[in-house]
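Have a look at the structure below, then the notes.
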Amino acid sequence: MKYLSTRGHADRPQFCDILLEGLAPDGGLYLPEFYPQVSDATLTAWRGLSYAGLAFEVLSLYIDDIPAADLKAICDKTYTEAVFGTQEIVPLRPLEDGLYLEALSNGPTLAFKDMAMQLLGNLFEYELARRGEELNILGATSGDTGSAAEYAMRGKKGVRVFMTSPDGRMSPFQQAQMFSLQDENIHNIAVVGVFDDCQDIVKAVSNDLEFKRQYKIGTVNSINWARLMAQVVYYFAGYFQATKTNAEKVSFAVPSGNFGNVCAGHVARSMGLPIDKLVVATNENDVLDEFFRTGVYRVRGSADTHETSSPSMDISKASNFERFVFDLLGRDGGKTRSLFHDQLASQGSFDLSADPAFAQAASRYGFASGKSTHADRLATIRDTYERFGTMIDTHTADGVKVAREQLAPGVPMIVLETALPIKFAATIEEALGQPPSRPARFEGIEALPKRVKVMPADADLIKRYIAENVH
């Protein structure tokens, strides 16, 4: 399996090269040359597998430069009951008739990012040992990616993490999870700005090819294909739990900011998983909802990016969206480059409403969308707790609210749970008048000593900081 850039670069690297590289040399994102097709017989064979077994089968379709026995060992080491709390790893639980929650937040940091990040940590360690190399990971987080990456990489040989986050814009619990880590190979950088500033810094550093090569810069954001690929697995796992035969379809509702989580659903659907609708749920930062409704993709500046009670989705520039647009436009790298590199940079938006391809976003690719506000979140959290005794976090509440608007008779709707409520305790308390429970291992975490450096939103200063801390 070879990989190509969404912006048309001529190189066709294999998996292990793009695992360590992140962005393509032309600033594009990597995708496989084609999506392997999963037959009815294969789906039937996969139904009875453990999660680790299913992960091995899905990943094997995309990775042919790691020996099968080694890849299987990595999957078996990653997806264990000890790490994820249950044998199913991602258990499905019903809410009302036809609506399910898929639990993706039982890993070490209580957010769905652990599902891919734990795998990524083991893949990095394996490949770096095989090459005798080191890697300096530069990441950006709006809340959950950072802690998931740091917990997956702490103590790993040959890996350092430099994680940027928007200063003061994460919940106290999220900040404490990251900043309380004292491991030598973990560096937290609080950037004065919003998440998009952090993401822009990561891209600017990644696009400086000389610096990137000299300092072995890699990425754990969902711009890294390996992360997205790992997320494809839980769409299959959710489907198998919600259905008895392959003749049945299901829909997924996905709380969305950076478009990585739902993009994995797009990949699963493109492989032949019987998905009816992929429902994109946004908060007040509704750049994606606006696109799927109108065909206009309009990024917002920092000043127009709302600070909300589902902060991990306070994003106005969805990095992974480029992958979907590339597919939507018939995999035309030149056209994709012109939209994302030229038009977005000069105009801050592009408009596909008149392009015949835009209608295919819904008809061919199954996308639908909706948005949820703070008032909606409170009402949904309250309703879900009162009726079903289930406490959900603010992002999952956005997903549930929009999912209910898109329910279709006879088609199960699976909402991807994105975090446990404790990560957003203040809003849960506002909705329910009581704090969420927290796992014992996180008692008192906010009071622990913090290790973090506050810096301006300046890529050159961040580069200097990395250079000073890699020796």
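The values are calculated or read from the model by the stated rules, or taken from the named source; none is laboratory data. Source: prediction; values computed, not measured. Don't worry about glycine lacking a Cβ; one is built from the backbone with ideal geometry, like all the others, and counts go over all protein chains shown.
Observations, loosely collected:
- Residues (among the small types (Gly, Ala, Ser), within 30 Å of Ala140 (Cβ to Cβ) and in contact with a Phe, Trp or Tyr (Cβ under 9 Å, 6 or more places away or on another chain)) located in the range 222-254: Ser222, Ala226, Ala237, Gly238
- Ile18 vs. criteria hydrophobic (A, V, I, L, M, F, W, C) and either surrounded by fewer than 17 Cβ atoms within 10 Å (Cβ to Cβ) or not in a loop (DSSP other than H, G, I, E, B) (or both): yes
Yes/no matrix, rows are residues, columns are (1) aromatic (Phe, Trp, Tyr); (2) farther than 21 Å from Ala24 by Cα; (3) buried (at least 20 other Cβ atoms within 10 Å of the Cβ); (4) out of contact with any strand residue (DSSP E or B) (no Cβ under 7 Å at 6 or more places or on another chain):
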position: Arg130; (1), (2), (3), (4): no, yes, no, yes
position: Ala148; (1), (2), (3), (4): no, yes, yes, no
position: Met178; (1), (2), (3), (4): no, yes, yes, no
position: Glu210; (1), (2), (3), (4): no, no, no, yes
position: Leu228; (1), (2), (3), (4): no, no, yes, yes
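- Looking only at residues in the range 401-445 that are of a type in the set (Lys, Arg) and at pLDDT below 95, the one that is farthest from Glu284 (Cα to Cα) is Arg441.
- Hits in the range 337-364 (condition: touching a residue at least 60 places away in the same chain (Cβ under 8 Å), under 25 Å from Leu23 (Cα atoms) and aromatic (Phe, Trp, Tyr)): Phe340
- Which numbered condition Val192 fails, given (1) aliphatic (A, V, I, L, M); (2) touching an Asp or Glu at 6+ places or on another chain (Cβ under 8 Å); (3) more than 20 Å from Ile315 (Cα to Cα); (4) surrounded by fewer than 23 Cβ atoms within 10 Å (Cβ to Cβ): (3)
- When the range 320-348 is filtered for residues that are in a helix (DSSP H, G or I) and charged (D, E, K, R), the ones remaining, listed by number, are Glu322, Arg323, Asp327, Lys335, Arg337, Asp342.
- Of everything listed in (1) farther than 27 Å from Thr380 by Cβ; (2) modelled with pLDDT under 95; (3) buried (at least 20 other Cβ atoms within 10 Å of the Cβ); (4) out of contact with any Asp or Glu (no Cβ under 9 Å at 6 or more places or on another chain), the single unmet condition for Pro311 is (1).
- Restricting the range 258-278 to residues that are in a loop (DSSP other than H, G, I, E, B) and closer than 20 Å to Thr418 by Cα, the residue that is modelled with the lowest pLDDT: Asn258
- Listed by position, the strands (runs of 3 or more DSSP E) inside the range 22-125 whose residues that are buried (at least 16 other Cβ atoms within 10 Å of the Cβ) number at least 3 are 30-32, 99-102.
- For beta carbons closer than 9 Å, sequence separation of 6+ or different chains, a first residue in the range 123-136 that is under 14 Å from Ala149 (Cα atoms) and a second that is exposed (fewer than 12 other Cβ atoms within 10 Å of the Cβ), the qualifying pairs are Glu125/Lys157.
- Within the range 397-430, the set of residues being part of a strand (DSSP E or B), touching a helix residue (DSSP H, G or I) at 6+ places or on another chain (Cβ under 7 Å) and not β-branched (Val, Ile, Thr) comprises Met413, Leu416, Ala419.
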